[in-house]
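The values are calculated or read from the model by the stated rules, or taken from the named source; none is laboratory data. In this text the structure is predicted, and so the values were computed from the model without any measurement. Please note: Cβ atoms are built from the backbone with ideal geometry, for glycine as well, and neighbour counts cover all protein chains shown. Surface areas here come from the heavy atoms of the whole protein model, side chains and all, with no ligands, DNA or RNA. Shrake-Rupley method; radii C 1.70, N 1.55, O 1.52, S 1.80 Å.
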Amino acid sequence: ESQEPWWKSAVVYQVWPASFKDSNGDGIGDLNGITSELDHIKSLGTDVIWLSPHYASPLDDMGYDISDYNAINPQFGTMEDMDRLLAEIKKRDMRLILDLVINHTSSEHAWFKESRSSRDNPKRDWYIWKDNANNWLSFFSGSAWSYDEKTKQYYLRLFAETQPDLNWENPKTREAIYKSALEFWYEKGVSGFRIDTAGLYSKVQTFEDAPVTFPGEKYQPAGPLINSGPRIHEFHKEMYEKVTSRYDAMTVGEVGHCSKADALKYVSAKEKEMNMMFLFDTVDVGSDKSDRFRYKGFTLTDFKDAIINQSNFIFDDETGELNDAWSTVFIENHDQPRCVTRFGNTSNKLFWSRSAKMLALLQTTLTGTLFVYQGQEIGMTNVSPKWDISEYLDINTINYWNAFNETEHSDEEKAELLKIINLLARDNARTPVQWDSSENGGFGGKPWMRINDNYKDINVASQKEDPDSVLNFYRNAIKTRKHYSETLIFGRFEVQDYDNQEIFYYTKTSNKGQKKMAVVLNFTDREVEYPIPQGKLLLSNIANNITGKLQPYEGRLIEVN
Ligand code: ISL
Ligand code: CA
């Protein structure tokens, strides 16, 4: 669509640097490794690369704990490497967006070191210091407050102990954030940001206890006391007005959960805050919103609801026409398990390949800006359930497991939690990308995190030239998406046969009324008889042998007119 901004039809590929590719053999992915694989990224149909944090950091939360916004983590490379990466991205007609982590810094950041040095330090108020802690639960288990011996006060840290929350109430703090975290990089030529924890900056200033969500627990999710708080839209408007509006930028905020009305406050164009946001309806399906490891499972209708919620706020309730807001399409990122394990079937090679492609068909036919996470394009899977808990390295997983073990549990309860961890832990997305079948999967030196055991079967090299591979299916599906953009990227989305627990059937209709398409996906491991809409088959994950029945995990895109 020529009148639409470029970022609406863009395909974004997310790179998580520590595990993408290691160019110097130290076992840690790096910027030069990314530069060396830009042709692979481009070959997918990528327009934008989103780079997860590359900044100086102790890596307690793998870079989401930044100690200097204007320096590169030496383990990932140098500023020259960054300049070269950016130049090579532009050479290939792609753009780069960075991660904007501004709810908190690392406790190693100079601002926090000053802030904690004395109660009357000019930067004391740049963070949130109190004489008493309340009952707020950290996203990484336990209390959200840490006691500082030296000045005898508590500081708020919604994530790890080493991730103190910045005080957005102080205008000087906000100015400093805009200058060092945003302007510096815009001036270098990046095209925007993925805004980390974009809903958390405005805390209810009474700092009162949160109501009980989890009975019997000492700490409780702070919920609306920290999410989309009283001044959140004022802060985003200011950031937009003072910085973002001066650039041709793409911004995508990580918001998580919110109502349709609240969603529009963030992403309606006239609000001038951000372009689009990530909602977690799909990735949190089956889990408690405040604790993913409290997992109950879900039905296909729950899954359909989740997909609906992630985009319905961009359509006018009455006319069905697009309004001035925009949404995202994603099913994986660095905080999520692998979609083929979670929503597909990895029990045998045929089901693995077909269900990975079925999920690709789902993703490439939904309305919004499409995001693909590294390794998703080759159907990388969760780690083996046989992995010992000590192989998991993510602070989120480790803290949760330790907190759980502070109280007595039966062997059964322990085994149950380990199963859920294996299904849902962030570690699943963080194993090294599987480039080929050589030692360490072609990633580089002995990786900092154990590579997935299946790298000999699932890797880029073996899929590159195979026309039936998951990788080539993604490439084709993205081509199809761009070719029929009016319908697939911008079209109206309507779920049909909502109550069906085996088949996910929806239609996409161009707002200009020219094309109507049907997508039919069999989410079961069985052959299913189904009245498949008639029309021209545009894409399918079964090369031949198309019949009147749907094969296990079969998916079809049909032009119905
Ligand atoms: O993954 C989660 C814990 O199970 C989420 O609660 C996650 O922490 C939340 O979505 C915020 O995520 C972002 O900020 C975190 C960082 O750890 C995540 O990697 C990042 O995506 C703190 O910066
Ligand atoms: Ca390296």
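What accessible area per residue comes out for region 108-243, rounded to a whole number of Å², with a 1.4 Å probe?
43 Å²
Quick check: convex hull over the Cα atoms of region 427-543, volume per residue in Å³, rounded to an integer?
163 Å³
Provide the per residue accessible area, probe 1.4 Å, for region 359-511, rounded to a whole number of square angstrom. Walk me through the numbers on the way to the answer.
Numbers: 6070 Å² over 153 residues.
Computed with neighbouring chains in place, this is 40 Å² per residue.
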Taking alpha-carbon centroids only, region 355-429 lies from region 1-55 a number of Å equal to 22 Å
On full extension of the chain, what length is gained from Ser437 through Glu217, given 0.36 nm per residue of separation minus the C-alpha to C-alpha distance? 74.5 nm
Please tell me which of these pairs span more than 25 angstrom C-alpha to C-alpha: Lys150/Lys237; Lys21/Lys42; Lys21/Lys456? Lys150/Lys237
Among beta bridges assigned by DSSP with both residues in the chain, the antiparallel ones amount in percent, to the nearest 5, to 60 percent
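Counting Lys +1, Arg +1, Asp -1, Glu -1, what net charge surrounds Val520 among other residues with beta carbon under 10 Å of its beta carbon?
-1
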Packing rank of 411-419, 389-397, where each peptide gets the mean count of other beta carbons within 10 Å, highest leading: 389-397, 411-419
Proximal aspartates and glutamates relative to Lys218, as straight alpha-carbon distance under 12 Å, when same-chain residues fewer than 8 apart are discounted: Asp209
Using modelled backbone amide H atoms (1.01 Å from N, in-plane), which distant-in-sequence or interchain residues come within less than 5 Å of Leu370's amide H? Val12, Val329
Under the √(5λ) rule applied to the eigenvalues of the Cα gyration tensor, what semi-axes describe the equivalent ellipsoid of the chain? Give them in Å, descending. 37, 26, 25
Roll a 1.4 Å probe over the protein chains and send me the accessible area per residue for region 1-90 in Å². 31 Å²
Links that overshoot a 20 Å alpha carbon limit, given the list Lys508/Lys549; Lys123/Lys152; Lys482/Lys536; Lys260/Lys515; Lys8/Lys508; Lys260/Lys296: Lys508/Lys549; Lys260/Lys515; Lys260/Lys296
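Of the heavy-atom accessible surface of region 60-116 (probe 1.4 angstrom), what whole percent is carbon and sulfur?
Solvent-exposed carbon and sulfur of region 60-116 make up 47 percent of the total.
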Lys357: which aspartates and glutamates have alpha carbons under 18 Å from its alpha carbon, excluding same-chain residues fewer than 8 sequence positions away? Glu332, Glu377, Asp457, Glu465, Asp466, Asp468, Glu502, Asp525, Glu527, Glu554
For region 216-361, report the % of Cα-Cα distances exceeding 24 Å. 44 percent
Sorted by mean Cβ packing within 10 Å, highest first, what order do the peptides 148-154, 137-143 take? 137-143, 148-154
I need the trypsin sites (Lys or Arg not before Pro) found in region 439-542, filtered to DSSP loop residues with at most 15 other beta carbons within 10 Å of theirs. Lys512, Arg526
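Going by the alpha-carbon gyration tensor, a ≥ b ≥ c the square roots of its eigenvalues, is region 37-83 rounded (a/c under 1.5) or, if a/c is not under 1.5, prolate (a/b greater than b/c) versus oblate?
It is prolate, given that a/c is not under 1.5 and a/b is the larger ratio.
Taking all protein chains in place and a 1.4 Å probe, what share, in percent, of the accessible surface of region 415-561 do carbon and sulfur account for? Spell out each step's value before the answer.
On the way: 2890 of 6340 Å².
Heavy-atom surface of region 415-561 belonging to carbon and sulfur, 1.4 Å probe: 46 percent.
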